[in-house]
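Here's the structure we're looking at; comments come further down.
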């Protein structure tokens, strides 16, 4: 467990990472296959932290034990299995309460973590921009605050570091609680200032004539690779979970000269801690405020259907599930099974099969993006007198001019794509519309 602190100890790089034993949970109304699926994902999360996995098991659960989460007999079985494999850490694929975590540690004489803490630690390592760092630090402090009450006797301001590196310290629990609460208040204030600046930047972007598309999907589905492939950018791409935490926006010029702003967003994951959903709310709002969504799914994953459900569930939570959406099934070059492809095709008739590495299906994807982008703008013919160079400048800056010419008296004639807001501002200069609508766009 880690508590973010200025006096945080760094792990000695020469030390070998501690081996971890993973514990999946088979709940009463779930299936063993689902429990194994979650456990495999936990293993991938742990591997992302660089921790070796020495063993794992699935523990059936009829009801939650308030003391140990699992039954005392099952906990003893877990302890014996973990000890026989030389484990130093126990990692549970569930959300443990603070007292349950402490009780399991005492009973097993091992450090104990849950899925939520693993994800928090990954986010802490991946955060780079000021906003992401603040969001993660706030989520971690909120997570650890209830775990300070009656916590371990060695708890202190000095304990910290990565998973498996808890240190000894003085008994300053109450002092720590006051410090963490104060830190949370400071982080909330600082994060609000950063979010305010981001909101201003986003507002300016949304006011422009260029449509905004948010690339969303399960973590490691290939969203950043797709952004790089389409725009020629160099966003960090790694074959690891949560390689992208900070939203990155790049301009895409389509074959028909239409422009779109594509924004890569943080990936989703099942059992994403609510504290992280709250902390990254402003980042996830990119999906809410976009004109349309590009949902990317890894068709080569055996869990593509559950990844799809998880993504739609998060979008529902954000009230963004009704947004216009393009569904792209990435890595189709790795999925050769005709039965799986047919099942996916039946579930999503309009879905587009793509491969970023093989450049397969990208032309069709670009056509779909162009179609959605054009639904967000209106085409007008305008006449602007020579006495209004400010309006001509505004049109060049905020609109997309398709054709233009000058008359002998200096009047500027143009056919241009305008956003709703810009069209209202230039209403007095509009002479006709070539869009499907016969009138200027009105407020939604």
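Some notes on this structure:
- The separation of region 285-362 from region 74-134, counted between C-alpha centres, amounts to 32 Å.
- Between residue 27 and residue 65, full extension at 0.36 nm per residue minus the direct alpha carbon distance yields a gain of 12.5 nm.
- Radius of gyration and Dmax over the Cα atoms of region 332-388, both given in Å: 19.6, 66
- For region 378-433, a Kirkwood radius taken over Cα pairs fed into Stokes-Einstein (4 °C, viscosity 1.567 mPa s) yields D = 118 µm²/s.
- Estimated distance in nm for a label pair at residue 36 and residue 257, the labels positioned 7 Å out from Cα along Cα-to-Cβ: 5.7
- Nearest-0.05 FRET efficiency for residue 44 and residue 305, computed from C-beta distance (R0 22 Å): 0.80
- Modelled FRET efficiency - R0 60 Å, residue 342 with residue 403, Cβ distances, 0.05 increments: 0.85
- Prolate/oblate/rounded call for region 288-378, Cα gyration tensor, a/c under 1.5 rounded: oblate
- Here region 45-146 has an Rg and Dmax of 14.9, 46 Å, counting Cα atoms alone.
Here, each number is a calculation from the coordinates, and none is a lab measurement. Please read these numbers as outputs of a predicted model, since none were measured by experiment. So basically every Cβ, Gly included, is an ideal-geometry build from the backbone, and we count neighbours across all protein chains shown.
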